[in-house]
Amino acid sequence: MAVVGVRGIGRAVDPPDEGDALLIRRIAHGDRQALTDLYLRHRQALFHYLLQFTSDDGVAEELLQDTLVAVWKNARSYKGDARVLAWLFGIARRRACKRLRRRELPQADLAELETVPAEDPEPEAALLASVTRAEIAAALAQLAPQHREALLLAFVHELSYAEIAAVLEVPLGTVKSRLNHAKRSLRAVLRAGEEAEQ
Amino acid sequence: MTSTPQETKQENTAHVGDLLPAYLNGTLEATARSQAQRHLAHCAACREELALWMALAAASREALAPSTVAAPSPALMEGVWARLDAPSMPEQLAGGVWRAGRLVRSQARLIPPGIWLASTLATVFCFLGFLLLGSHTHTDGAHVAALQSLIAPLVTGLCLAFIYGPEHDAGLEVALSTPTSPRKVLLARLGLVFGYNFALTTAVTLVVALVTGGSFVALASLWLGPLLLLSSLSLALSVGVSTMVAAIIAGLLWILHLFSMPNVLLIGPFGSDSGSLLSLVWQTNPFILALALALLLLALFSAPRRVPQQV
């Protein structure tokens, strides 16, 4: 299907969080309280994000420490192009991949992808009318980690495509395809659940 | 900038599926947003897709909310400060160099003065030999290097026998009563005494080579092997057995070598050693250097790494 071009995907609605940017500038000047404040602001989001890479709370805490040490050392390199939160996610992701010696979150299960139909034979409205939000949440849990990560960054942390691409270190097109894969996988999981009930 | 009717028509017919996540999370820029809104107004397929995205976004916000996990430990920042305050690699290296320098300086004061005196006198003796024998026919300096190959190994070997003998060295007892590793103390003293002897012997050879025009490498090769071998043997015996045993064996070997040489009483050419076993090892070659290194390592590893616990 034809789509509108990729222009107009940059963040123009919300300016970068001035409070966070100020904290980064203070950190760059060696202000330890600023790093503590930044940690207090984003600890939950960062910790939760790092738990996408490991199920061990202790390892996630170590990765969070790695991230904060890297923030302290690299605060001067923050240019303000993306929101501070996106910059933090990027650092956290690189620390996690480095520490856990892997480049990516686990790939989507091939068997799962094979069940995703190329074209949707059933209208979305009819499908959505038949499922509850709890069923969608349960279906989310079955998604591949890569897809959940894309949804997390897009809908929970509301990052732009460009910011997500920077965090994941992938091209913009890959961000879109991961989100679309997530949607198609979800649709397949929901449909499978529906068929099982019948 | 205004759109032409054709462009407007194309915009209105082009689906906006790829933009819907950005449309929903508010990151689409104004132009693209109004373009998407115009399209959604008359495209039922994209509105249905938007409905699925909205359900997905709502479920994601609920199921993937950070509040679904417990907050990280409050002590986490303490670990961050500890890591930031820990010395970096260059600082650790600089600290190591500074501690090594302090150890060497402290050991330099504790080494018996007789050791420095013996080394200096041996050098003066060789240098005098150079001056006295300079008028002989051996103008390439080989006679002085041969003299050095006799004197320097003996003196250095005896000096090293006395750097690690608690029975003769109150300074070492003091050093070993500190938390510093005895092996490091030995290494510091070895570096100091051997370095001093080696530097003096090299300096004399260098002067001789410069004055006579002889080859420095050829001259140094006359004494280097014997110097390293007797020194490492003496040190290994000193650490492994006792200072006196090391000194006596080093002295005996030297005497045996001296009397195995022809023209020994003439202090003449020293050029034609007999084929005795000692004369075979009294030279510089890879085997001798490897043997010396092995004995040196044996000596170092024989010294305890940690200070023995007092019972």
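The values are calculated or read from the model by the stated rules, or taken from the named source; none is laboratory data. Please read these numbers as outputs of a predicted model, since none were measured by experiment. Virtual Cβ from ideal backbone geometry, glycine too; neighbours counted across all protein chains shown. The area values use the complete protein model at the heavy-atom level, side chains included, leaving out ligands, DNA and RNA. Shrake-Rupley method; radii C 1.70, N 1.55, O 1.52, S 1.80 Å.
Excluding A:Asn180 itself, calculate the net charge of residues whose Cβ lies under 11 Å from the Cβ of A:Asn180, where each Lys or Arg counts +1 and each Asp or Glu counts -1.
Surrounding charge for A:Asn180 is +3.
Give the long-range amide H neighbours of B:His15: residues separated by 5 or more places, or on another chain, with amide H under 5 Å away, using H modelled in the peptide plane at 1.01 Å from N.
Long-range HN contacts for B:His15: A:Ala2, A:Val3, A:Val4.
With a 1.4 Å probe on protein heavy atoms only, work out how much accessible surface B and A bury together, total over both chains, in Å² to the nearest 100.
By this definition, chains B and A bury close to 5000 Å².
Report the accessible area of A:Lys79, computed with a 1.4 Å probe over the heavy atoms of all protein chains in place, in Å² rounded to the nearest 10.
The accessible area of A:Lys79 comes to roughly 150 Å².
At a probe radius of 1.4 Å, what is the per-residue accessible area of B:Thr243, in Å² to the nearest 10?
Rounded to the nearest 10, the figure is 0 Å².
With every protein chain present, what accessible area does A:Glu149 have (1.4 Å probe, heavy atoms only), rounded to the nearest 10 Å²?
Spelled out: A:Glu149, probe radius 1.4 Å, area about 0 Å².
Along the stretch B:79-90, what does the Karplus equation 6.51 cos²θ - 1.76 cosθ + 1.60 (θ = phi - 60°) give for ³J(HN,Hα), rounded to whole Hz, x for Gly and Pro?
x, 5, 5, 4, 6, 6, 7, 5, x, 6, 4, x
Work out the length of the dipole vector of the stretch B:11-62 about its Cα centre, built from +1 on the beta-carbon of each Lys and Arg and -1 on the beta-carbon of each Asp and Glu, and round it to the nearest 20 debye.
Approximately 120 debye in magnitude.
Say each of B:Ser215 and A:Leu22 gets a label point 7 Å from the Cα, pointing the same way as Cα to Cβ; how far apart are those two points in nm?
7.7 nm
Starting from the Cα of A:Thr174, step 7 Å along the direction of its Cβ; do the same at A:Arg99; then give the gap between the two resulting points in nm.
According to this spin-label approximation, the distance is 2.2 nm.
How much FRET efficiency would the formula 1/(1 + (r/R0)^6) give for B:Ala58 and B:Gln92, where r is the Cβ-Cβ distance and R0 is 60 Å, rounded to 0.05?
Computed FRET efficiency for B:Ala58 and B:Gln92: 0.70.
Which of the residues in the stretch B:10-50 lose at least 40 Å² of accessible area when you go from the chain alone to all protein chains together (probe 1.4 Å)?
Buried-area filter returns B:His15, B:Asp18, B:Leu19, B:Pro21, B:Asn25, B:Thr27, B:Glu29, B:Gln35, B:Glu48, B:Glu49.
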